[in-house]
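Q: Just passing along the structure, written as structure tokens.
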Amino acid sequence: MIVQRLLNQHSRRGLWVLDENPAAGAAALPPVPGVEVLTNRWDVYERMTAAGWSARFSDFDFSPWQGAGVDRIYYRVSKEKPVVHHVINQARATLAEEGSLWLVGAKNEGTRTYFDKARQLFGDGVLHKEGKGLFSGCLVSPLAAGEPLDDRDYTRLRSIGEASWQFDSKPGLFGWDKIDAGSALLAEHLPQVYARLSGAAPRALDLGCGYGYLSAHVWKAGAGEVIATDNNAAAIEACRRNFERFAIGGEVVAANCAQGVRGAFDLVVCNPPFHQGFGVDSSLTDRFIDAAKRLLAPGGQALFVVNRFIPLERKSAALFGEVECLSDQDGFKVVRLARP
């Protein structure tokens, strides 16, 4: 692990920037004196804190460290370009004079291109080949900086959607600048599911809420309370803003697959991810199905939308009394699940 080698060489005050991509084995590393962790993933925050690291959870807010004499920042590049550009810009603004940013990643993750752009901002840097297509680049902070990288105005929430039905969203979220076609398809089938619910004003859970598109539709359809959960700090920020925008009754909770969420729900909606960092993680769907099973009340209804190639029906068959595909079109399936 390249970052582990770099951390072992650390001597002063440092910051380790972690997202979902490199985090699997991070908590196995013993805490390094003087190094803190900044992560935008709630599960990473929980694991690192439990392992004894000093960690903060935010949408990559570097303000607690600016002016604090940070001499090294370690960062494995993220999947989304605006996120990478934001982190590089903030690293430059945070590092003490002659401090260094260590940028790590694979060739097919765009690491060389990110390094070249960062070198224009920093003014100096050396890229090292680490073998097996991996690179590490050291960029040194000068007195004068170049032009910041284009991060799509990362921190700003902005409106998307039609004029009559708009949502706040931002870079850092998957599909942040559009209405997701799968979620829109799921929303079309909400009336069918509401008709099967035993009572009015159901308690609903939006599992993996993103910026809250499904939460808003569930609320508009007549939910009495909506609890929205996500693992991503950018999603939590945007979804909370949309709860305010639409006056949704309920709460937005940072949680990994609804871990820590209590109580039973009459309705669960979910558009689960199937990527973990740069790769496909087939176990993600299983975890969201398990969460729906755990939190769905007897007689409750769950509505999932997934890419057609994901065998949701097979994965759900042993856990739910009813499994019904309501729609299969345009590469998506909408599947209704119910407990007996």
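Q: Let me check against my output: what whole-number percent is the relative contact order of the chain, with C-alpha pairs under 8 Å and at least 6 apart?
A: In percent, rounded to a whole number, it is 12.
Q: A follow-up question, please. Sort D230, D61 by heavy-atom solvent-accessible area, probe 1.4 angstrom, most to least.
A: Solvent-accessible surface, decreasing: D61, D230.
Q: Whole-Hz ³J(HN,Hα) for each residue in the stretch 153-168, computed from phi via Karplus 6.51 cos²θ - 1.76 cosθ + 1.60 with θ = phi - 60°, x for glycine and proline: what do you get?
A: Computed from phi, the couplings for the stretch 153-168 are 6, 3, 6, 8, 6, 9, 7, 9, x, 6, 4, 8, 8, 10, 10, 7 Hz.
Q: Given the chain, what percent of its DSSP beta bridges are antiparallel, to the nearest 5?
A: 50
Q: Compare R294, R336, R314 by solvent-accessible area with a 1.4 Å probe and give them largest first, with all protein chains kept in place.
A: In descending accessible area the options line up as R314, R294, R336.
Q: Distance check, please: which entries in K79/K315; K79/K129; K178/K333; K170/K293 exceed 25 angstrom between their Cα atoms?
A: Pairs exceeding the cut-off: K79/K315; K170/K293.
Q: Right, here's the next one. Heavy atoms of the protein only, probe of 1.4 Å, neighbouring chains included. What is the accessible area of K178 in Å², nearest 10?
A: 110
Q: Set the Förster radius R0 to 51 Å, insert the Cβ-Cβ distance between E322 and E147 as r into 1/(1 + (r/R0)^6), and round the FRET efficiency to 0.05.
A: The value I calculate is 0.35.
Q: With the cut-off at 25 Å, report for the stretch 196-340 the share of all Cα pairs above it, as a whole percent.
A: 22
Q: Right, something else. Per residue, what accessible area does the chain have, given a 1.4 Å probe and all protein chains present, in Å²?
A: Spelled out: the 1.4 Å probe surface of the chain, per residue, equals 43 Å².
Q: Let's see if you can work this out: charge +1 on each Lys and Arg Cβ, -1 on each Asp and Glu Cβ, no other charges. What is the dipole magnitude of the chain about its Cα centre, in debye to the nearest 20?
A: 540
Q: Let me ask something else. Taking the Cα centre of the stretch 31-136 as origin, sum charge times position over the Cβ atoms of Lys and Arg (+1) and Asp and Glu (-1), and report the length of that vector in debye to the nearest 20.
A: 460
Q: Computed from the mean reciprocal separation of all distinct C-alpha pairs, what Kirkwood hydrodynamic radius does the stretch 1-80 have, in Å?
A: In the stretch 1-80 this quantity evaluates to 12.6 Å.
Q: Could you tell me how many cubic angstrom of Cα convex hull volume the stretch 60-104 has per residue?
A: Given the Cα convex hull of the stretch 60-104, per-residue volume reads 60 Å³.
Q: Quick one: which of 165-174, 81-90 comes out on top by average Cβ neighbours within 10 Å, and what's the full order, highest first?
A: With the highest mean Cβ count within 10 Å placed first, the list reads 81-90, 165-174.
Q: Based on DSSP, what percent of beta bridges with both residues in the stretch 1-155 are antiparallel, to the nearest 5?
A: Within the stretch 1-155, antiparallel bridges account for around 40 percent of the total.
Q: Quantify, in whole percent, the carbon and sulfur part of the accessible surface of the chain (1.4 Å probe; protein heavy atoms only).
A: Answer for the chain: carbon and sulfur cover 48 percent of the accessible area.
Q: Top to bottom by accessible area (1.4 Å), largest first, where do W176, W42 land?
A: Descending order: W42, W176.
Q: Right, next: Which whole-number percent is the relative contact order of the stretch 77-184 (Cα, under 8 Å, 6+ apart)?
A: 27 percent.
Q: Evaluate Rg over Rh across the chain, taking Cα atoms for both radii and Kirkwood's formula for Rh.
A: My calculation puts Rg/Rh at 1.01.
The values are calculated or read from the model by the stated rules, or taken from the named source; none is laboratory data. A quick note: this is a predicted structure, and the numbers were derived from the prediction, not measured. Reconstructed Cβ throughout: ideal geometry from the backbone, glycine too, with neighbour counts over all protein chains shown. In case anyone asks, the SASA skips ligands and DNA or RNA and just uses the protein heavy atoms, side chains included. Shrake-Rupley method; radii C 1.70, N 1.55, O 1.52, S 1.80 Å.
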